[in-house]
Amino acid sequence: MMKRLQLTLLLIFSLVLLTACGGNDETKNNPEPAKEDTVATEDKDNGQDAAEEEPQEQVTEQISVDAGLGDTVAAFEEQYGENEGSALMGRFEGDYLLPMFIKNRAVDLTVQFEATDQKSRTLEEAKQIALQLIPKDAQLKKEYTDTTDLPKTIMVYHSENLAKVFPDWEPAGKFLIIFSAHEGNANDIFAITIGLGETP
């Protein structure tokens, strides 16, 4: 009877010992530390990705002659004064200049001559104004007239600097200038629209 009790105790002790050893092995082979390493690596990777994207968002140099297409809200405020609109839809100089911003950069802007004392300009005058609002390195690719609605003169440009600021915009670097004229007179321009893309 005493031997059987000792044998039973020995078996129980052995099982406890094996379980304890097995637990230690599991702790040694536990994948949890690897998960922590993975999380740390992912955080590092995310940090690197954020660092790579950061320069694109933090570019502050003005790319247009005057603050214009591709430039920041701050550049517009410095050039034209108070923004009476918002960080998405700007309004400057009594609604003369209306830029639209995406990620703090102007992707589109409208010049409204009707918001001034001189309600319209000749096409040549309007072109001179538009040239101040586009990237300094802009190259004219095509110019044509569209008379499907009100008469419009359309100029298609490309800018490498604009492509760097908006690398994901297709086609990268392409933009339009549209000169809107009063009906019956293609030389009587009441507004200019400048925007990314190549299709009006």
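For this structure, a couple of remarks:
- Test: residue in region 161-171 that is touching a helix residue (DSSP H, G or I) at 6+ places or on another chain (Cβ under 7 Å) and of a type in the set (A, V, I, L, M, F, W, C): no
- Selection within region 118-166 - under 17 Å from Leu97 (Cβ atoms) and free of Cβ contacts under 8 Å to residues at least 24 places away in the same chain: Gln118, Gln128
- Enumerated strands (runs of 3 or more DSSP E) restricted to region 100-191, each holding at least 3 residues that are buried (at least 19 other Cβ atoms within 10 Å of the Cβ): 105-112, 152-158, 174-181
Bear in mind these aren't lab numbers, they're just calculated from the coordinates by the rules spelled out. From a predicted model like this one, the values you see are computed outputs, not experimental measurements. Please note: Cβ atoms are built from the backbone with ideal geometry, for glycine as well, and neighbour counts cover all protein chains shown.
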